[in-house]
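Please read the structure below before turning to the comments.
The values are calculated or read from the model by the stated rules, or taken from the named source; none is laboratory data. The structure presented is a predicted model; accordingly, all values stated were derived computationally and were not measured. Reconstructed Cβ throughout: ideal geometry from the backbone, glycine too, with neighbour counts over all protein chains shown. Just the protein is used for accessible areas: all its heavy atoms, side chains included, with ligands, DNA and RNA removed. Shrake-Rupley method; radii C 1.70, N 1.55, O 1.52, S 1.80 Å.
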Amino acid sequence: MKLVSKFALALSLVAVSAAPAAFAQSNEKPKKDKKGKEAAAAPKKNYSKPFIAAYVPVADLLNKTKDAAAAKAEFPKVVAAIGNDDDRYEAGILAINIGAGLKDLAFQEQGIDLLIASASTPADLKREYTFRKGAIAYDSKRFADAEKNMLDAYNLGHRANNIEYLISNAMSQQNKEAEAIAWIGKAIDASKAAGPVNKTYLVRAAVLSAKAKNYAGAANFYKDLIIAENNPDYWHDALAFFDRSRDFNPEETLDILRLMRATDGLRFQQEYSAYLDSLSYIGVRYPAEAVSLLDEGFAKGLISRNNVTFSERYSEAKARLAEDTRTLAGTIAPAKASPKGMLASLTGDSFFSHKDYKTAKDLYESALSKAPVLDKDGVDQTDRTRFRLAMSKTMLGDYAGAKAEFDMVTGANRKAIAEYWVAFITHRANATATPAATAPVS
C-alpha cells in the first residue's frame, strides 16, 4: 500500500542524537536547583576503550566530513569493538544516522537490531524502534518479519501509527485470514475509541471476512458502514452479504431487496431476478411492483429489454396490471370486515406493492387488531404483518412510529432485517431534521 510505504519510509529515515564524540566520563558534581536540591543526574555511560577508539573516527566521517558512505564502509570496525551494552547502544544510534543519511533502510535496520539487543536502550525507545523495524520489514514485503516485530512493539505498549491495521495487513499477506480479521477488529475498536470509526478499516474487515466466506461477519462490518454513512454502494454490499448470511424465505428476501431498492443499492441482473422471484413465487402476485421495478432497471441501464427473461416477465406483469389496478379498491371493505386478520394483511401487501402506503398501513393495523394473524395453514404471520406495517410507516415518513413497530418484531430473521431498516429510517430522520435545525430562528 502506498500510504503505508510512505509512512514507514518517513518513520525509518530519521536521524537520532548520538553520544558526545569524546565519550568523556564526567566527574562533575551534580548540579543543584534553585532550592539547593541536587538535580537527578543522567546515568553514566561505561564505554569500553577499544570501542571509543573505533567509534570516534567513524562518527567524525559522518558528522565532520559529512561522508556517510565512508562511515558505512568503516562501520564494521565499530561493531567489532563492541564490548558492552553501552557500546552496543551507541553503535546502533550511529548506524541509524548513517542509514538516514544514505536513505539505506537495511543499514538502519542493522542499527535498530543493535539498539533492541542492548540492555542500555531505554524501554520507550526500544518499543518505538521495534515498531520501526516492523515498518521497514513491511515496506520490504517481509510480512512475517513485519508481523513479528509489530506484535512485539504492540506487546511493549505501542499504540500509534495504526499498528493494529498494519498487523492485520501483514497477516493477510500471509493468508492468515482468521488472525487478520481479529486484528482488524482491534483496529476498529481503537478507531471507535478515538472518535468516528475509520471507514477504511470497516471495508477491509468486510473484505477479509468475505474472503474467508464469513458472510455474517462481512454483513456486520458493512452494517457499521451504513450506520456511519448513507452510501448506496455500502447498502448494496451490506444487504448482499446479509442475504447470504442466513436462510431467508421468499417474503423475507423480498423485504431485504425492497430495502436495497429504497437505498438505491440494486446493482446487478441477478438481484433484479431475485426480486422478481420473491414478488412472484406464487404466480404474478404484485404486477404493479414488478412493472415499476423493471421500468426502473431499464431506465438505469442495469438490465436490458433485450434480455428474454426480463422482457417476458415485464410483458406478463404488464398484462396483469390493468386488472389488478381495476379490482384493487374493491378489496378493502371485505378485508377489513373479515374476522381473520390474514385477509387484511394480504390486501395490505397488494396496496404496498402499488405504493399506496397509507391504505396499506390501515389494512395492516386492521389485521393486527385481530391478532394473532394466522395464514390458511395456521402459521402465525403476526411478525410479517407488523414488519410490513413498519415499512409502510417508513415510506410515509412516520419514522418514530416505524421504529416502534420494528422494535416489536420478535422472529430472529425479521429482527435481524429490522436492524437494517432502522438504520435506513435513522438516516432519513436525520436528513429531515437537518434543514430545520439549521434554519434561522424567526
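Summary of computed values
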item	result
Dimensionless Rg over Rh [the chain; C-alpha; Kirkwood]	1.24
Protein-only accessible surface order, largest first, of ILE332, ILE417 at 1.4 Å	ILE332, ILE417
The chain: relative contact order in percent, alpha carbon pairs under 8 Å with at least 6 residues between	7
Lys/Arg +1, Asp/Glu -1 at C-beta; the range 116-179 dipole; positive extreme among ILE116, ILE163, ALA144	ILE116
With DNA, RNA and ligands ignored, accessible area of PHE241 (1.4 Å probe; Å², nearest 10)	40
Per-selection metrics, the range 386-432 (Cα): Rg and Dmax in Å	9.7, 30
Rounded accessible area per residue of the chain, 1.4 Å, Å²	49
In degrees, nearest ten, helix 105-117 long axis to first principal axis of the chain (Cα)	80
Estimated dipole of the range 311-391 in Debye, rounded to 20 [Cβ of Lys and Arg +1, of Asp and Glu -1, Cα centre]	200
Angle in degrees between helix 177-194 and the longest Cα principal axis of the chain, rounded to the nearest 10	90
Partner aspartates and glutamates for LYS192 [C-alpha distance under 14 Å; skip if fewer than 8 residues away on the same chain]	GLU164, ASP224
Positive-end extreme of charge dipole, the chain - chosen from LEU343, TYR222, ALA333 (charges on Cβ)	TYR222
Angle in degrees between helix 287-300 and the longest Cα principal axis of the chain, rounded to the nearest 10	40
Whole-number percent relative contact order across the range 252-344, with pairs defined as alpha carbons under 8 Å at least 6 apart	21
Given charges at beta-carbon only (K, R positive; D, E negative), |dipole| of the range 120-263 in Debye	440
Carbon plus sulfur fraction of accessible area for the chain, probe 1.4 Å, in percent	55
The range 320-382: chymotrypsin sites (Phe, Trp or Tyr not before Pro) in DSSP loop, at most 13 other beta carbons within 10 Å	none
Cβ charges +1 (Lys, Arg) and -1 (Asp, Glu), total dipole of the chain, debye	1160
Computed [θ] at 222 nm, deg cm²/dmol, the chain (DSSP H ≥ 4; -39,500 (n - 2.57); rounded to nearest 500)	-22500 deg cm²/dmol
Total lysine pairs under 15 Å (Cα atoms) in the range 297-419, excluding pairs fewer than 8 apart on one chain	12
Percent RCO, i.e. relative contact order, over the range 351-437, from Cα pairs under 8 Å lying at least 6 residues apart	21
